[in-house]
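Encoded as structure tokens, the structure appears first; notes follow it.
The values are calculated or read from the model by the stated rules, or taken from the named source; none is laboratory data. Predicted, not measured: the structure shown is a model, and the values here were computed from it. Neighbour counts run over all protein chains shown; Cβ positions are idealised from the backbone, glycine included.
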Amino acid sequence: MAARLWCVVPAAGRGTRVGGPLPKQYLPVAGRPLIEHTLERLAAHPSIAGLMVVVAEGDDIWPTLAVPTAKPVLIAVGGAERCDSVLAGLHALPDDVGDEDFVLVHDAARPCVRAADIANLIERAGAMDGGLLGAPLRDTLKRADERQCSQATEPRDRRWRAFTPQMFRREQLVAALRAAAAAGVTVSDEAMAMERMGFAPLLVEGAEDNIKVTTATDFALAEFLLDRIHSKDALA
């Protein structure tokens, strides 16, 4: 795919599992807000044309950030759920992004995504109806009871962990998100919305260090991983 893609970055959530006075995307990693690392990583990719960041209504922190990129960074106001924010971002994309154009969606709390994985996703999923980064489940999977005691061992064959970016055609993803909302279904990611419409998104294996910062302990891991990734980039 020669064309460059826009990337929607939902950042309207509060990240309640982390705690603290700020939404997690604004908490510091290596001296900078988490979201700055994520946006810088995305903007540096040659296949990404611009970023559509979706923030919460009344967000007074976003205007204080510094995202060092010459590429356009636009904002939209999100909703109560991630899917609402993604839909708002899709609607707010520039007019030159067509209905059939592919669009990326990436979590604001995934600052460690690798450039090679983005390129691989664009190349492989772009030849189909879209797809997402992920990794096959390698750990033994347990089902717990209400006491958090192991009740059974679940099969892990053909089970994957879903990452981002996820990539789909703009109008198809809009229709899928609208259909889920109309049915009262809160989808956990874009691929789930597409699956409900009969699509089979391609799973593209990516690096497992593309972590989503979810709990307080993830911040130290993200800082370590970012340092390692930047070191490798400097040697490339």
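Tabulated values for the structure
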| quantity | calculated |
| --- | --- |
| Residues of the range 193-220 satisfying the condition of being out of contact with any strand residue (DSSP E or B) (no Cβ under 7 Å at 6 or more places or on another chain), surrounded by fewer than 18 Cβ atoms within 10 Å (Cβ to Cβ), modelled with pLDDT of 95 or more and not in a loop (DSSP other than H, G, I, E, B) | E195, R196 |
| Every residue from the range 60-95 that is of a type in the set (G, A, S) and assigned to a loop (DSSP other than H, G, I, E, B) | A66, A70, G78, G79, A80, A92 |
| Strands (runs of 3 or more DSSP E) enclosed by the range 118-175 - at least 2 residues per element that are under 15 Å from the mean Cα position of the chain (by Cα) and under 19 Å from M192 (Cβ atoms) | 131-136, 160-169 |
| Out of R178, R158, sole residue that is modelled with pLDDT of 95 or more and out of contact with any helix residue (DSSP H, G or I) (no Cβ under 6 Å at 6 or more places or on another chain) | R178 |
| Residue in the range 180-192 that is in a loop (DSSP other than H, G, I, E, B), without any contact (Cβ under 8 Å) to a residue 12 or more places away in the chain and either surrounded by 11 or more Cβ atoms within 10 Å (Cβ to Cβ) or acidic (D, E) (or both) present | yes |
| So R178, is it under 21 Å from A92 (Cα atoms) and of a type outside the set (V, I, T) | yes |
| Condition check for F224: out of contact with any helix residue (DSSP H, G or I) (no Cβ under 9 Å at 6 or more places or on another chain), farther than 22 Å from A88 by Cα and in a helix (DSSP H, G or I) | yes |
| Lone qualifier among E154, E171 - being surrounded by fewer than 19 Cβ atoms within 10 Å (Cβ to Cβ), more than 25 Å from A109 (Cβ to Cβ), in contact (Cβ under 8 Å) with a residue 24 or more places away in the chain and not small (G, A, S) | E171 |
| The range 100-123 residues that are closer than 21 Å to V213 by Cα, paired with ones that are assigned to a strand (DSSP E or B) and modelled with pLDDT under 95 (beta carbon under 8 Å, 6 or more apart) | P111/V29 |
| I229 being farther than 19 Å from V103 by Cβ, crowded, with 16+ Cβ neighbours inside 10 Å, modelled with pLDDT of 95 or more and β-branched (V, I, T) | no |
| Residue among T153, T164, T186 that is farther than 15 Å from V103 by Cβ and touching an Asp or Glu at 6+ places or on another chain (Cβ under 9 Å) | T186 |
| Enumeration of residues in the range 106-120 that are in contact with a Ser or Thr (Cβ under 6 Å, 6 or more places away or on another chain) and of a type in the set (A, V, I, L, M) | A108 |
| P10, sole failed condition from (1) at negative phi; (2) not in a strand (DSSP E or B) | (2) |
